[in-house]
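Here's the structure we're looking at; comments come further down.
The values are calculated or read from the model by the stated rules, or taken from the named source; none is laboratory data. Being a predicted model, the structure only gives us computed values, none of them experimental. A quick note on method: Cβ atoms are made from the backbone with ideal geometry, for glycine too, and the neighbour counts reach across all protein chains shown.
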Amino acid sequence: MKTQKLIELLKVLMKNCKLSDRQIARRFGGSQPTVTRLRTCLEKQGFVKSYTVVPNFGKIGYKIIAFTFSSLKGYPSRERALKIVQKAKRWLEKHPNVIYAADGQGLGGRDLVMVSFHKDYDDYTKLMHDFAFEWGGVIDTFESFIANLMSELTMREFDISYLADHI
């Protein structure tokens, strides 16, 4: 399969994964079986991780998005770091409102980032307390930037469909 055709289909799906293969075929002037074959190829090659909706977070009760940046107390050995990652994955399973967590660098020596959604400030502080208690032995500092998902000053809603125009 040509990668460009796969990317074009991926863009369409990122904007609206509810479209049927027949509807997509009509847009591109192709056939439904061809679109189905391309979709299957996207899935098998790992271009598509899952099909989901991006909700209106305010309508379902989320008022805050938090970006938490942390720095480690020191750099562990590779073996120790892999054990920490496994422990972190188990911890994150208990916190489904955390949508992303990874290592990185920036903001004055920060090594980790975590993105989470919260129903209110109390919900946010509960996660931060749990984070501090669980990871205090590994984390030196952490700081969060929290944004109001209900703000009338929001310039762009949280939605990955915008990324389709950048691929």
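Before moving on, here are some points about what is shown:
- Set side by side, the residues R90, R37, R78 differ, and just one is out of contact with any Pro (no Cβ under 9 Å at 6 or more places or on another chain), surrounded by fewer than 17 Cβ atoms within 10 Å (Cβ to Cβ), over 30 Å from F131 (Cα atoms) and charged (D, E, K, R), which is R37.
- Flag if A102 is outside any helix (DSSP H, G or I), modelled with pLDDT of 95 or more, surrounded by 15 or more Cβ atoms within 10 Å (Cβ to Cβ) and among the hydrophobic types (A, V, I, L, M, F, W, C): no
- Boolean, F57 is in contact with a Phe, Trp or Tyr (Cβ under 8 Å, 6 or more places away or on another chain), surrounded by 14 or more Cβ atoms within 10 Å (Cβ to Cβ) and assigned by TED's automatic domain parsing to the domain that holds K119: no
- Unmet criterion (only one of (1) within 30 Å of L9 (Cα to Cα); (2) surrounded by 12 or more Cβ atoms within 10 Å (Cβ to Cβ); (3) over 15 Å from the mean Cα position of the chain (by Cα); (4) of a type in the set (A, V, I, L, M)) for I84: (1)
- Residue in the range 143-150 that is within 26 Å of M14 (Cα to Cα) and part of a loop (DSSP other than H, G, I, E, B) present: yes
One line per residue, one yes/no per condition, for (1) among the hydroxyl-bearing types (S, T, Y); (2) farther than 22 Å from G136 by Cβ; (3) touching an Asp or Glu at 6+ places or on another chain (Cβ under 9 Å):
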| residue | (1), (2), (3) |
| --- | --- |
| N16 | no, yes, no |
| R26 | no, yes, no |
| Y51 | yes, yes, no |
| P55 | no, yes, no |
| P76 | no, no, no |
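- Of residues in the range 93-116 being of a type in the set (D, E) and without any contact (Cβ under 8 Å) to a residue 12 or more places away in the chain, the one nearest to D130 (Cα to Cα): E93
- Odd one out for L163 among (1) in a helix (DSSP H, G or I); (2) farther than 30 Å from L6 by Cβ; (3) of a type in the set (A, V, I, L, M, F, W, C): (2)
- Inter-residue pairs, beta-carbon under 6 Å, first in contact (Cβ under 8 Å) with a residue 12 or more places away in the chain and in the range 142-167, second surrounded by 12 or more Cβ atoms within 10 Å (Cβ to Cβ) and among the hydroxyl-bearing types (S, T, Y), 6+ apart: F142/T68; F142/S70; S144/T68; L149/Y62
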